[in-house]
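Chemist: Please read through the structure below; I'll follow up with questions.
Nothing in this text is a laboratory measurement; each read-out follows from the coordinates by a stated rule. Here the structure is a predicted model, which means the values were calculated and not measured. So basically every Cβ, Gly included, is an ideal-geometry build from the backbone, and we count neighbours across all protein chains shown.
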Amino acid sequence: MVNKKYEPLLETFELPNGTVLKNRVVMAPMTNFSSNADGTVSDAEVSYYVRRSKGVSMVITACTYVTANGQGFPGEFGAHTDEMIPSLRHLASSIKEAGAKAILQIFHGGRQVPADIVNGDVVSASNIPDEAEGKPVPRALTEAEVESIIRDFGEATRRAIEAGYDGVEIHGANTYLIQQFFSPHSNRRTDRFGGSLQKRLTFPLAIVDEVQRVVKEYAKVPFIVGYRFSPEEPETPGITMSDTLVLIDELANKNLDYLHVSLMDFWSTPRRGVDDTRSRIEIIQEAVGDRVPVIGVGSIYSAEDARKALTSGIPMIGLARELLIDPDWVQKIEQGREEEIVTKLNVDKQQELDMPTPLWQAIVNAPGWVPGV
Ligand SMILES: Cc1cc2nc3c(=O)[nH]c(=O)nc-3n(C[C@H](O)[C@H](O)[C@H](O)COP(=O)(O)O)c2cc1C
């Protein structure tokens, strides 16, 4: 029996396109470094997803690159050619058969792409390196190349539709190419893609338009389109909370099915840009109102953390590390066993947790990334 307190987490939710989600908990996207070298999904990876698709209402996959020079990590699966469609379909149907909606997260890594993946030709909005990450100087994309990448997002969306996904999430967060264009730090362009705040919005909004155009043209059943963003950057100049309020105001008028905030701590407060002591998530929820549903995320380990998160007014929460640690997180709440939710990784249980080895190694070699390590 479900504990009454936690019933709100298990209520259904209807997205603007009419898709009904079975509950309020989604799996947040996580790169797993475990795809095959040819860009197809691996068996270990599929098994890892299936194990985590049985309780949540929606699984957002690891980010997948829309073009070869956008691959951000080794062991990442691709959505950049039609040859990838059978692999994409295999993952979508596995997630759906396990009971969740399948959402493909689509991205381009921009200046975060490792140089060896692209023979040294790392590209971005401008030739500004990410010094904090020790990255090399990228090459500024030409206008024609920018336009081609916008179309690549559309092509990846068409492949997601053909492969049977329920939707795509445009990855505009975590300092990858879309964010690089929105950021006054990494975008120093003087053409129509850079300069004023409004011009820095050109690339992200053009991608939304192109993805939606493709959905209109190819999808025969309702297809979810979400957008993920990071609200702030530490650099000066850099994205501030006030810039983000402009971005989300534009996005909220685009008929998207959800906005997904990328945060490590759900209740974190703004660094700068607004005179407001509330959490970022509350400010964002208030700004978008009922125009588009918001997914919040970040260190929601226990059922109680999740219940409190919903009191911020957002309708849905995302779990990432928590589902690595405990793939049965949602089922335990459904069964009134929320006290048994595990909140620290048991480092002896790789097999029981169905974790592909490259992901497991990335975690155990980076103490502090996932609790328990
Ligand atoms: C192993 C790992 C890989 C991640 N990969 C992605 C990714 O591909 N795309 C993305 O938007 N966020 C990615 N994230 C961020 C998560 O989606 C999430 O925002 C973050 O982990 C905070 O949520 P949590 O506290 O529930 O883990 C990743 C996080 C982890 C731990």
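Chemist: Hey, can you grab everything whose amide H is under 5 Å from the amide H of Lys101? Only 5+ residues off in sequence or another chain; H modelled, so Pro and N-termini drop out.
Modeler: The list, which skips near neighbours in sequence, is Met58, Val59.
Chemist: For Lys344 paired with Gln331, estimate the spin-label separation in nm (one decimal), with each label point 7 Å from Cα along the Cα-to-Cβ line.
Modeler: About 2.4 nm separates the two model spin labels.
Chemist: Could you work out how far the C-alpha centroid of region 344-373 sits from that of region 67-131, in angstrom?
Modeler: When both Cα centres are located, 23 Å separates them.
Chemist: Further question: Within the chain, what is the longest stretch that has no GluC sites (Glu not before Pro) placed in a DSSP loop and near at most 10 other beta-carbon atoms within 10 Å? Kindly include the intermediate steps, with their values, before the conclusion.
Modeler: Details: sites that count: Glu131, Glu133, Glu352.
By the stated rule (loop sites, at most 10 other Cβ atoms within 10 Å), 134-351.
Chemist: Want the number for Thr269 to Lys54: 0.36 nm per residue separation, take away the alpha-carbon distance, what's left?
Modeler: 74.1 nm
Chemist: Suppose every K and R has +1 on its Cβ and every D and E has -1 on its Cβ; what is the size of the dipole of the chain about the Cα centre, in Debye to the nearest 20? Working shown, then result.
Modeler: Details: 38 positive and 52 negative charges, 90 e Å.
The dipole magnitude comes to about 440 debye.
Chemist: Next question. Just list whichever of Lys54/Lys349; Lys96/Lys344; Lys22/Lys332; Lys101/Lys216 have alpha carbons separated by over 23 Å in the model shown.
Modeler: Details: Lys54/Lys349 19 Å; Lys96/Lys344 28 Å; Lys22/Lys332 16 Å; Lys101/Lys216 20 Å.
From the list (Lys54/Lys349; Lys96/Lys344; Lys22/Lys332; Lys101/Lys216), the Cα-Cα distance tops 23 Å for Lys96/Lys344.
Chemist: Less than 13 Å apart at the alpha-carbon level, and either on another chain or at least 8 residues along: which aspartates and glutamates does that give for Lys220?
Modeler: Those aspartates and glutamates meeting the cut-off are Glu162, Asp166.
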